[in-house]
Structure formats: structure tokens, C-alpha cells
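For reference, the structure is listed below as C-alpha cells.
Every number here is computed from the coordinates shown, using simple stated rules; none is lab data. Being a predicted model, the structure only gives us computed values, none of them experimental. Here the Cβ positions follow ideal geometry from the backbone for every residue, glycine too, while neighbour counts run over all protein chains shown.
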Amino acid sequence: MSNQCPFCDEEGADKGLRASSPEVHHICCSVCGEFEYSPVLLRGLSGDERAKYRVLLQIRKLRRLGRLCLLETVPKKLNGLMFNVVDKISFLKQWPSGSHFFDEILLNLSFLEPVPGKTIRFETDARDGHSRPWAYALYDLDRKGAQKFSVEALCDAGFLKQSGSHYMITAKGWERIESLRTKESGTAFVAMWFDDSTKPLKREIEKAVAGAGYRAEALTVDEVEHNEYIMDKVINLINDARFVIADFTCIEEGEVINGKVKGGSRGGVYFEAGYAKGQNKQVILTCRNDEDSKSRRHFDIEQINTIFWEDSDGGVKAGGLLFADVLKNRIIQTIGQGPYDAN
Ligand SMILES: [Zn+2]
């Protein structure tokens, strides 16, 4: 049996089958990085898709992003898998299009040569250019002239400057890179009730967010203390976040403090989720699987796909699976792998 990397054919990259279900191979490739893949996925890939997988994996390695388990579809049971699971459709969606295309190339080049003032050489006469970092940084899929077009477009925009056979990222280019990196935020904002009854949920959400390569930010402040300063802070945290997790659980209603009932549905969660939606951010909905919480959700959100959780002796579960696993995979499938290493 061959022990080549399934995407770039490097010899000795395949470290064999993992003892897990579904069956996956463990790859340590000096070109594509470390990942797992299933032979089922590979058999279903067209030549063009395989080339895209190769380029995207090489870019992930360049940007030092977390390790992935590449499968055709996400299985029901995730036990035994070491790396974050990404199905074929989600993975290929990472291929940039439209105006993102040049932004992503610029970001890649900033990882390729992170020192401002240093030059990059695009060796267009190289015999096997596709194992060379600059070629995949430009998303070059064997289309002749594609890389030249991208480099020219970045020069025209003032982000790159040519000097002889070398290129350099300009001050304007670094400014652009800086703003792109901020936009590629690695934080998630968590909107939920914070009290003793929701502590296990908070812990599991943080575990899921970290497992998907993000950091969780939440403002653990009591509703009663909300004032303008706190609201500014909430808005800023949501603006900086890549996505929002909103839990619509109802907690027990308690005493009235300063004319406000404590507990019940948390209005702040609706505000925060709605604000995030208006900012074009993805919002993942969760809710405790009890009649009170479910029936008191506002009809505006009832139709939205929600992860229902239960806190039992076996921990926090969703549909019989570990809630943290279910949420982590929802994040990776809908938002994508975060910038921090999950392992
Ligand atoms: Zn490889």
C-alpha cells in the first residue's frame, strides 16, 4: 500500500490508519501539513477538487491554522476523531471568490514574507512551481498566467510593488493586511443567562469554542447593572467577534429588584443576537430542552435551527451526543475553523 500524501504525492507522508470510526488516515506531509482524511472522500473528488484541497491545505499550513479531519460528510458519532472534522462542501467553501480573492492572496503573502521591506520572488520559470509556496499563496491551480494576473492586480491596487524580478508589500499593503487580520477575528461573543444553573452550559460552550479554534468572550454582567457604559462594551465585543452564540434558556423567575423581575427569558440575549444579525454575523442558537424555555421563545426565532441541550448526570448533552461536540461541529460547519490551534 502506498504511503504517499493523497494530495501532493509526497513519499512517506501517510502514517497509516487511525484506530477510529470512520476509518481515517493520518498524514504528516512537509508540503500540506498534518491532517486526517478518509479514503471515501478522496474517491469522490474530481481532479479540480483535489487540486483545491492541496492548495487550501498548503495555505492552512502557511498560516499555521489548526489541524483538520477531512471527511466526505460529518458522521453522527464523532468519538475517536483527533482533529476537527470538516466535510467536503464546507472545506471547498474556503476557496475565496470575488473581492476576497485578492485580500486572501495578500494575507498569504504576509505569512510568506512577514518582514516588511523584504522581497518575494515569483519564479514563473520554475519547472514544478506548484510545490512552491508562492504558487499556492496565489491560489494557482495550474492555470497558466493566473498568478501573473493576481500579482498585477495587487500592484495596480498599490498593495505590491515590483522591483526587478522581486516584489515587496507596500506600506498601503501592510495597512490593508492589518485591517483584514482584525476582521478575521478569532473571538466569539456568548449571550446567555449567567447564574449557577447555567454554569455547566457556559463551561461546555467555552470548550466547544476553543475546540473550533476560537476564544469565547462574554460579558458576565447582571441584567440590572446594564447601563450605557455596559451596552457600549457589549456592542464593541459583538463588533469584534467573528460570530455569536445566543442561548435562549428561561431560568426561574425570582424576586423583583429595582422594579425588574429577575430571571425568566433574557431580553438582552434577543438584543445581542439581533444586533449581531444586523452586523451580518452568524448567530448560533441554543436553548435548554425544557417545555418552559421552548414555549417561551419568541416566534421570530422559533423557526431557526436551534441546538437543544440537557444537563443530566452524564453531562450536558444534545440529542444524546455531547453538547460541546455538537456545538463545536456546528461552528466549524457554519463559520469555519478558527485561527487558534484547537489541539
Ligand atoms: Zn502533501
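Brief remarks on what is shown
- Most mobile of V256, V234, V24 in a GNM of the chain (Cα contacts under 10 Å): V256
- Prolate/oblate/rounded call for the chain, Cα gyration tensor, a/c under 1.5 rounded: oblate
- Against the chain, whose longest principal axis comes from its Cα atoms, helix 146-156 is set at around 70 degrees.
- E175-K262 pseudo-label distance in nm [points 7 Å out on the Cα-to-Cβ vector]: 5.2
- What the phi angles of the stretch 157-170 give under the Karplus curve with 6.51, -1.76 and 1.60, with θ = phi - 60°, is a coupling list of 7, x, 8, 10, 9, 8, 9, x, 8, 10, 10, 9, 6, 7 Hz, glycine and proline written as x.
- Sorted by Cβ neighbour density within 10 Å, fewest at the top, the residues E252, E49, E272: E252, E49, E272
- Gained length - E184 relative to Q279, 0.36 nm times residue gap less alpha-carbon distance: 32.8 nm
- Point-to-point label distance, S30-E49, nm (Cα→Cβ direction, 7 Å offset): 3.1
- Of K233/K317; K233/K281; K202/K317; K15/K88, pairs whose Cα-Cα distance is over 20 Å: K233/K317; K15/K88
- Size of electric dipole in the stretch 14-92: Cβ of Lys, Arg +1 and of Asp, Glu -1, about Cα centre, debye, nearest 20: 240
- Förster radius 35 Å - calculated FRET efficiency between D313 and E253 (Cβ-Cβ, nearest 0.05): 0.85
- On Cα atoms only, tilt of 267-278 relative to the major axis of the chain in degrees: 30
- Relative contact order computed over the chain (Cα-Cα under 8 Å; 6+ residues apart), in percent: 15
- Overall, the chain carries a charge dipole of about 1020 debye about its Cα centre when +1 sits on the Cβ of Lys and Arg and -1 on the Cβ of Asp and Glu, all other atoms neutral.
- Estimated distance in nm for a label pair at R203 and S99, the labels positioned 7 Å out from Cα along Cα-to-Cβ: 4.5
- Fully extending the segment from I89 to D290, taken as 0.36 nm per residue of separation minus the present Cα-Cα distance, adds 69.0 nm.
- The residue list N258, T334, L57 was ranked by how far each Cα lies along the charge dipole of the chain toward its positive end, using unit charges on Cβ atoms, and L57 comes out on top.
- Hydrodynamic radius of the stretch 265-343 per Kirkwood, over alpha carbon pairs, in Å: 14.1
- Based on alpha carbons, the Rg and Dmax found for the stretch 14-92 are 11.7, 32 Å.
- Kirkwood hydrodynamic radius (C-alpha pairs) into Stokes-Einstein, the stretch 186-334, 25 °C and 0.890 mPa s, D in µm²/s: 157
- If you run the Gaussian network model on the chain, springs between alpha carbon atoms under 10 Å, then out of S185, S265, S197 the most flexible one is S197.
- Extension gain from F149 to R121, taking 0.36 nm per residue of separation minus the Cα-Cα distance: 8.6 nm
- Nearest 10 degrees, 0 to 90: helix 100-112 Cα axis against the chain principal axis: 70
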